[in-house]
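Just below is one structure, and these are the notes that go with it.
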Amino acid sequence: MSEVLAQLMAQAAREGSNLATMRAIAEEAGELSAMRALKRLGLADEEARDDLAALRELLATWRDAKRSAWKALAGWLMRLAGALLLAGFAVKLGWRTWLE
């Protein structure tokens, strides 16, 4: 527990809990918990900001690549459907007679 949090809790015990003291306790406890969580995740150092920026960039690149792959697949499927449709029309209209 941080020193400030311990002091605030002692003050609340001595004087009774007023709203400002309770808010200060909650704020200190939240900050302490956030720092503890960041430390456990390995994000409490100075390089964490750069690491998170790199991860965000990697995720954005992955999403762009996935979107491009789906668009390319849809394009190829449309081309295939068009080719099959043209082949169907050619057979239906008697393309064998055109070759002779």
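No value in this document is a laboratory result; all are computed from the given coordinates. Given the structure is predicted, the values throughout are model-derived calculations rather than measurements. Note that each Cβ is placed from the backbone with ideal geometry, even for glycine, and that neighbours are counted across all protein chains shown.
Annotations for the structure displayed:
- Whole-angstrom Cα spans of the chain along principal axes, big to small: 106, 30, 16
- For the chain, the Cβ-based charge dipole about the Cα centre amounts to some 1000 debye (Lys, Arg positive; Asp, Glu negative; other atoms uncharged).
- Evaluated at q = 0.26 Å⁻¹: base-10 log I(q)/I(0), Debye formula over Cα of region 1-44: -0.83
- Remark: region 1-44 carries a charge dipole of roughly 200 debye about the Cα centre, counting +1 on each Lys and Arg Cβ and -1 on each Asp and Glu Cβ.
- Extension gain for residue 57 to residue 11 (0.36 nm times residue separation, less C-alpha to C-alpha distance): 11.9 nm.
- Only lysines eight or more places from residue 92 in sequence, or on another chain, were considered; none has a Cα closer than 21 Å.
- Compared with the alpha-carbon gap, the fully stretched path from residue 64 to residue 27 is longer by 9.4 nm at 0.36 nm per residue.
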